[in-house]
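Worksheet: one structure, shown below.
Derivation of every value follows stated rules applied to the coordinates shown; laboratory data play no part. Predicted model only: the values in this text are computed from it and were never measured. Note that we place each Cβ from the backbone using ideal geometry, even for glycine, and neighbour counts take in every protein chain shown.
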Amino acid sequence: MYALHALQPGASADLWANNRNHQVKTFRHLKIPATTSPAEAWANLNELSRRQIKKGNLQLKLVKGASVQHLHMLMTQSLQQKKVSLRFSLERLSMMVNAAQSRGQGDVWVAADAKNEVKAAVFLCWDTQYTYYLAGGMDRTGKQIGAPRWLLWQALQHALAERRGLDFGGGMVPSVAAVYVAMGAESADYLRLQQYHPFWSRFFIHTLKKMYAPQDSAFH
């Protein structure tokens, strides 16, 4: 019924303009380019992010290869605070993480305190150009000690050391995008071709997407 195709930079949308089975849309996402130096990355942070990272340096430690259960639990807790349910199971998340780890292209990282209590977790994947922030969560006290931004800072440092940029994945909900911008992310546009079979399913799919995420342009 529905398929997505990424259009390469410079590709023409005119080829599909008159085809009612297709729609070409411009989407926006946030990323930090690989050409950013460590000094520039720090300078691009806002003051709150710097304070939280400094606080995290004193109270947190980075654990790589962490449990998928921690990630799933913290994602669930984070969404519950917003009265939203996590829409996929631990089993499905484990399949995604295992696939990335088996190829050496992804991992789960967590921020743990002195008592080894996990305060924040992220699922990262990478290729030759970018590290991608795919999912994350925190517990109820994680924000107080700066765990989420401290963990994102660790991901950014690792990406830049490997000559990769950091891509925040496309979600443009204002409250979420504000955090990415505070971490120094820049806005970038890309084209996406959406293909519908049959053509009338386009209206049905768009309606469902707007019900699911009414404020997030990455979904509709």
The pairs in LYS61/LYS119; LYS31/LYS82; LYS83/LYS115; LYS61/LYS115; LYS55/LYS115 lying past 19 Å Cα-Cα in this model are LYS31/LYS82; LYS83/LYS115
Once phi for every residue in the range 52-65 is put through the Karplus expression 6.51 cos²θ - 1.76 cosθ + 1.60 (θ = phi - 60°), the whole-Hz ³J(HN,Hα) values, with Gly and Pro written as x, are 5, 5, 4, 5, x, 4, 8, 10, 10, 10, 8, 10, 9, x
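Work out how much length SER89 to GLU186 would gain on full extension: take 0.36 nm times their residue separation and subtract the Cα-Cα distance, in nm to one decimal. Each step should come with its number before you reach the end.
Details: separation 97, 0.36 × 97 = 34.92 nm, distance 3.19 nm.
Answer, rounded to one decimal: 31.7 nm.
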Placing each pseudo-label 7 Å from Cα in the direction of the beta carbon, ALA114 and GLN69 end up separated by a distance in nanometres of 2.7
Residues whose built amide H sits under 5 Å from the amide H of ALA135, excluding neighbours closer than 5 in sequence, are PHE123
Residue by residue through the range 90-101, the couplings from Karplus 6.51 cos²θ - 1.76 cosθ + 1.60 with θ = phi - 60°, in Hz, x for Gly and Pro, are 4, 4, 5, 5, 4, 4, 5, 5, 4, 5, 5, 5
In Å, the C-alpha Rg and Dmax of the range 45-163 are 13.9, 39
Taking a label point 7 Å from the Cα of GLN80 along Cα-to-Cβ, the residues of the range 118-137 whose backbone nitrogen sits under 17 Å from it are 118-121, 136-137
Label model pair ALA99, LYS143: point-to-point distance (7 angstrom along the Cα→beta-carbon line) in nm is 3.2
Descending packing, highest mean Cβ count within 10 Å first, for 137-143, 42-48 is 137-143, 42-48
The ratio Rg/Rh over the Cα atoms of the range 74-137, Rh being the Kirkwood inverse mean 1/r radius, stands at 1.01
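From the Cα trace of the range 32-98, what convex hull volume per residue do you get, rounded to a whole Å³? Before the final figure, lay out the partial values.
Values: hull volume 10.6 nm³, N = 67.
It is 158 Å³ per residue.
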Most packed first (mean Cβ within 10 Å per residue), the peptides 126-134, 51-59, 84-92, 146-154 order as 146-154, 126-134, 51-59, 84-92
